Amino acid sequence: IYGIRWVHVFEEDTAGGHVYKPDSGSIPLSRRPREALTLHPDGSATIEAGGPDDRPVGGQARWRSTPGGVIVEAPGTAGGSTELHITHLSSDRLVIARARG
């Protein structure tokens, strides 16, 4: 589960969240850049998104385990932060809850 590059497979998103799968699996081709997330055993994480030329650009984050799942916290703009709430994590699927509000 850790050290795996999880890729957003937006075609499989549900009302419950955004679906990510290991990049070693079958990921459909897409013209839209795919976001990716890697959780490291030391509590750090890497979040990738499409850059200005659509190539992935990585940013650093931290993760922690909570009773409700795993929370990934990444620095945001203007001194704030962004939290991703992982509600499901198995060897072949990761689900990030949709933002509320």
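A few remarks follow.
- Condition check for Arg31: open to solvent by 80 Å² or more (accessible area, probe 1.4 Å), in contact with an Asp or Glu (Cβ under 6 Å, 6 or more places away or on another chain) and without any contact (Cβ under 8 Å) to a residue 60 or more places away in the chain: no
- No other residue among Thr46, Thr38, Thr87, Thr82 is surrounded by 12 or more Cβ atoms within 10 Å (Cβ to Cβ) and without any contact (Cβ under 8 Å) to a residue 12 or more places away in the chain apart from Thr82.
- Residues of the range 49-72 that are open to solvent by 70 Å² or more (accessible area, probe 1.4 Å), within 23 Å of Ile1 (Cβ to Cβ) and in contact with an Asp or Glu (Cβ under 8 Å, 6 or more places away or on another chain): Pro56, Arg62, Arg64.
The values are calculated or read from the model by the stated rules, or taken from the named source; none is laboratory data. As the structure is a prediction and not an experimental result, all values here were calculated from the model. Glycine gets a Cβ as well: all are built from the backbone with ideal geometry, and neighbour counts include every protein chain shown. Note: areas computed on protein heavy atoms with side chains; ligands, DNA, RNA excluded. Shrake-Rupley method; radii C 1.70, N 1.55, O 1.52, S 1.80 Å.
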